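Undergrad: Before I ask anything, let me first share the structure, which is written out below as structure tokens.
Just so it is clear, none of the values below were taken in a lab; they were calculated from the coordinates. As the structure is a prediction and not an experimental result, all values here were calculated from the model. As a convention, Cβ positions derive from the backbone with ideal geometry for all residues, glycine included, and neighbour counts pool all protein chains shown.
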Amino acid sequence: MELLALRQRIAQGENLHTEFKAGPINPDKLAAELTAFANTDGGLLLFGVDDERNIVGVDDVDALARLVDQVAYQNCEPPLTVVQEVVRTEGGPVLVVRIPKGEQRPYRTRRGDYFVRTTSGRRRASRQELLRLFQAAESLFFEETLVLQATVDDLDLRDFDRFCRMFIGESAVDDQQLLKNWRLLKERDGEYHPTLAAILLFGREPQLFLPYAYVTAARILGRDTAGEPVDVKRIDGPLFRIHEDTYRFLKIHLLTPHRIVGFEPEAFPELPETALRETVANALVHRDYTIASPIRVFILDDRVEIRSPGGLPNTVTVERAKSGMAHVLRNAQIYTAFYRAGLVTDTGNGIRRVIRAVEKATGKEPEIRDEGAELVVVLPRNPTIAGEAG
């Protein structure tokens, strides 16, 4: 930046894209400034300029530049890349730090705070602003948001202990420490709070904190989802219970005829258990939890539709998902828990397995549609069997 351009920028005063800094630098406050710019529209931090627009200079500009780089990398999540330059003036050197609009928004500080810029400085992002940032960026971090209204008492530690014993084995650390190690429990101002993922996985009543995190399941006669349901259930609780109860609802309304093989009857379900379980699991672990809408499951005469809030994650297309070429996680912690429970694999081939299993059972390939607000998976029913349903 040329000296003239610097003076012109200073003359305009502080605004949405410009902030002046003079005096001692606090790393936490600096991280807040950097993330606020990155979360909004980018901008400039001018070190060596006071609030009255006077150039006072920087005593040790090299040390300050190193500090800025260190804070941008270590105190911001994800790490930020900033561009710095020194402008020499009569009042002393001014360090110009250019923060671009972030490509991995939203950014947060190491303390877990999200900030945005305003015309008069910065402030913590409101819930609505944060949701918009997550939706726009299709970020992986929403599930890591602290639920500040909740405490450890809102988690069912006995349920968590059963999960660990069944799928992890004995541990040398207690449950709360393991939750901290897995980043499901984090400290804020001296108190520990569960993350959104912890509440969804092991909360006593997850819907108290995320009211729309449930499944609406309906059996509708005919082939039109606008028809009157003959059975409808709201399925809530922690995610593992939702998974099991949704599968149970499907089993109630899908037929399982028996054929005599040898001297014993053998079950031949119209849709394979593995395909149903994996499709429901995918909906729970990959849905967009920033969208205030439940997962919807419709059982019709000719098909099963599972509608999950949010389209495919960024860079993923229907074709890439079906081929197994894309494996992008929207909710990594939730996915990891389901992986530990053996409900999903970590190969990215789950959709391919569902397609093959359903095609073998029905002779038809499942349909997958990305409708933007929803991802729709359609599992065709076997017409020779489903015609008897109702």
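Undergrad: Which order results if Cys76, Cys164 are arranged by neighbouring Cβ count within 10 Å, fewest first?
TA: By the 10 Å Cβ count, ascending, the order reads Cys164, Cys76.
Undergrad: Please state the shape class of region 8-58: rounded when a/c is under 1.5, otherwise prolate if a/b exceeds b/c and oblate if not, all from the C-alpha gyration tensor.
TA: oblate
Undergrad: Taking N as the number of residues in region 215-386, what is its Cα Rg relative to 2.2 N^0.38 Å?
TA: In units of the 2.2 N^0.38 Å rule of thumb, it is 1.02.
Undergrad: Additional query: The list (1) 37, 29, 18; (2) 52, 22, 17; (3) 31, 24, 19 gives values of semi-axes √(5λ) of the Cα gyration tensor in Å, and only one came from this structure; which label was calculated from it?
TA: The value computed from this structure is option (2).
Undergrad: Rg to Rh ratio, region 78-188, alpha-carbon atoms and Kirkwood radius?
TA: 1.15
Undergrad: Could I ask something else about it? So who's got an amide H within less than 5 Å of the one on Val304, skipping anything under 5 residues away but keeping other chains? H placed 1.01 Å off N, in plane.
TA: So Val304 has HN proximity to Leu379, Arg381.
Undergrad: Related question: Using only the Cα atoms of region 152-208, build the gyration tensor, take square roots of its eigenvalues as a ≥ b ≥ c, and label the shape rounded, prolate or oblate: rounded if a/c is under 1.5, else prolate if a/b is larger than b/c, else oblate.
TA: On the way: a/c = 2.22, a/b = 1.25, b/c = 1.77.
Oblate, since a/c reaches 1.5 and b/c is not below a/b.
Undergrad: What value in Å³ per residue do you get for the convex hull of the alpha-carbon atoms in region 49-92?
TA: Convex hull volume per residue, Cα atoms: 85 Å³.
Undergrad: Then there's this: List, in order, the whole-Hz ³J(HN,Hα) value for each residue of region 147-158 obtained from phi through the Karplus relation with A = 6.51, B = -1.76, C = 1.60 and θ = phi - 60°; use x for Gly and Pro.
TA: Along region 147-158, the couplings run 9, 5, 6, 9, 10, 4, 5, 7, 9, 8, 5, 5 Hz.
Undergrad: Can you work out the Karplus-derived ³J(HN,Hα) for every residue in region 65-72? Use 6.51 cos²θ - 1.76 cosθ + 1.60 with θ = phi - 60°, whole Hz, and x for glycine or proline.
TA: Using θ = phi - 60°, the values come out as 4, 5, 5, 4, 4, 5, 5, 4 Hz.
Undergrad: Sorted from fewest to most neighbouring beta carbons within 10 Å, what does the list Tyr335, Tyr214 look like?
TA: Ordered from fewest to most neighbouring Cβ atoms within 10 Å, Tyr335, Tyr214 come out as Tyr214, Tyr335.
Undergrad: I need the shape label for region 3-124. Rule: rounded when a/c is under 1.5, else prolate if a/b > b/c, else oblate, with a, b, c from the alpha carbon gyration tensor.
TA: Since a/c reaches 1.5 and a/b is larger than b/c, the shape of region 3-124 is classed as prolate.
Undergrad: Next up: May I ask you to sort His243, His253 by Cβ crowding, counting other Cβ atoms within 10 Å and putting the fewest first?
TA: Least crowded to most crowded, the residues run His253, His243.
Undergrad: How large is the helix-only mean residue ellipticity at 222 nm for the chain, computed as the sum of -39500 (n - 2.57) over DSSP H runs with n ≥ 4, divided by its residue count, in deg cm²/dmol to the nearest 500?
TA: -10000 deg cm²/dmol
Undergrad: Label-point separation (nm) for Ser120 and Asp161, each offset 7 Å from Cα along Cα-to-Cβ?
TA: Inter-label distance under the simple model: 5.2 nm.
Undergrad: Return the single residue from Glu244, Glu305, Glu278 with maximal mean-square fluctuation; model: Gaussian network over the chain, springs between Cα atoms under 10 Å.
TA: Glu244
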